[in-house]
Amino acid sequence: MVTGASSGIGEAAARLFAAQGAAVTVMARREDRLHALAEDISAAGGSALVTAGDVTSPADVRRAVTAAVAMYGRLDAAFNNAGWGSVGSPLHETDDAVFEQIMDVNVRGVWNCLKEQVPVMLRQGAGSIVNTSSTAGSFATGAIAPYVAAKHAVLGLTRAAAAEYGDRGIRVNALMVGSTRTELMETAMEQVPRLEQAAVARAVQHRLADPGEVAEAALWLCSDHASFVTGAGVPVDGGCSAV
């Protein structure tokens, strides 16, 4: 199951997981994009189930997980990638509505997914979950304050879930993603022309990540190749957190 699959990292992950033989369930709000993605995956010989919905809605997430299990019989891995941020103002000038939307999508979205995915994996006795956090989940990156807070919370939920379910066969990890050339990032860079230069300045590799590079890390964490990795915040940031 991949959330936020209509573009960017989520779309790249769905394509990659399917290419590696996984039957994927894709979730996002933009149903037309999901159907186009599923058609591409099917044309390449893969299997994709479209479950359009909003991760902030518990009912939508429940419907997606239920559909995945009904179609494929189980849920082996989940990549909770849906997120949202904005180019914004200083903390004291930030509207409450912006705070609420950022926390809803990034934190409540992961919360809703965990609450539906974990019971399925408990019944199976195994499973792997990867949540998309950010370098903003480790330090104040210059992003808007609610986004920094939200991504810290995603890492906290990841560690708590890993500790609670590790002895029952479920691994839970987070990707600490650096600046990536996603649709959201492209829009922000159009609004703030100097943003790209600022975003890559700290990294050892002075460039934005391609979504596929982040997807590769998610694939590894979901796979048995990462069987002894849980509760981790894995940096995929071009060395940003190393310096």
key: Alpha carbon centroid spacing (whole Å) that separates region 21-59 from region 152-223   = 21 Å
request  = Please get the size of the charge dipole for region 1-102, origin at its Cα centre, with Cβ charges of +1 on Lys and Arg and -1 on Asp and Glu, quoted in debye to the nearest 20.
outcome  = 480 debye
task = Normalising by the residue count of the chain, find the relative contact order in percent from Cα pairs under 8 Å and 6+ residues apart.
result = 19 percent
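Rounded to the nearest 20 debye, what is the charge dipole size of the chain about its Cα centre when +1 sits on each Lys and Arg Cβ and -1 on each Asp and Glu Cβ? All intermediate terms of the calculation are to be shown ahead of the outcome.
Numbers: 18 positive and 25 negative charges, 122 e Å.
Dipole of the chain, to the nearest 20 debye: 580 debye.
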request  = Please name which of Gly166, Gly142, Cys113 has its Cα lying farthest along the dipole of region 109-194 towards the positive end, using unit charges on Cβ (Lys, Arg +1; Asp, Glu -1) and the Cα centre as origin.
outcome  = Gly166
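What does the helix-only formula give at 222 nm for the chain: each DSSP H stretch with n ≥ 4 adding -39500 (n - 2.57), the total divided by the residues, and the result rounded to the nearest 500 deg cm²/dmol? Walk me through the intermediate numbers first.
On the way: 9 runs with 112 residues, N = 243.
Helix contribution divided over all residues of the chain: -14500 deg cm²/dmol.
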key: Structure-derived P(r) over Cα pairs in 10 Å bins from 0, in percent: which label, when the choices are [x] 8, 32, 35, 18, 6, 1, 0; [y] 8, 33, 38, 17, 3, 0; [z] 7, 23, 26, 21, 14, 7, 2, 0   = [y]
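Leaving out ligands, DNA and RNA, and with a 1.4 Å probe, what % of the accessible surface on region 75-174 is carbon or sulfur? Before the final figure, lay out the partial values.
On the way: 2240 of 4230 Å².
Taking all protein chains in place, region 75-174 shows 53 percent carbon and sulfur surface.
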remark   = In degrees, nearest 10, the alpha-carbon axis of helix 8-19 is tilted away from the dominant principal axis of the alpha carbons of the chain by 30 degrees
key: Between helix 211-222 and the chain: long-axis angle, C-alpha atoms, 0 to 90°, nearest 10   = 50 degrees
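For the chain, what does the accessible surface come to per residue with a 1.4 Å probe? Please give it in Å². Spell out each step's value before the answer.
Values: 11440 Å² over 243 residues.
Heavy-atom accessible area per residue stands at 47 Å².
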message = Nothing charged except the Cβ atoms of Lys and Arg (+1) and of Asp and Glu (-1): what's the magnitude of the dipole of region 149-243 about its Cα centre? Round to the nearest 20 debye.
response = 300 debye
ask   = Does anyone have the angle between helix 109-124 and the longest principal axis of the chain? Alpha-carbon axes, 0 to 90°, nearest 10?
value = 30 degrees
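The values are calculated or read from the model by the stated rules, or taken from the named source; none is laboratory data. Predicted model only: the values in this text are computed from it and were never measured. Neighbour counts are summed over all protein chains in view; Cβ atoms, including those assigned to glycine, are modelled from backbone coordinates with ideal geometry. Accessible surface areas use protein heavy atoms only, side chains included; no ligands, DNA or RNA. Shrake-Rupley method; radii C 1.70, N 1.55, O 1.52, S 1.80 Å.
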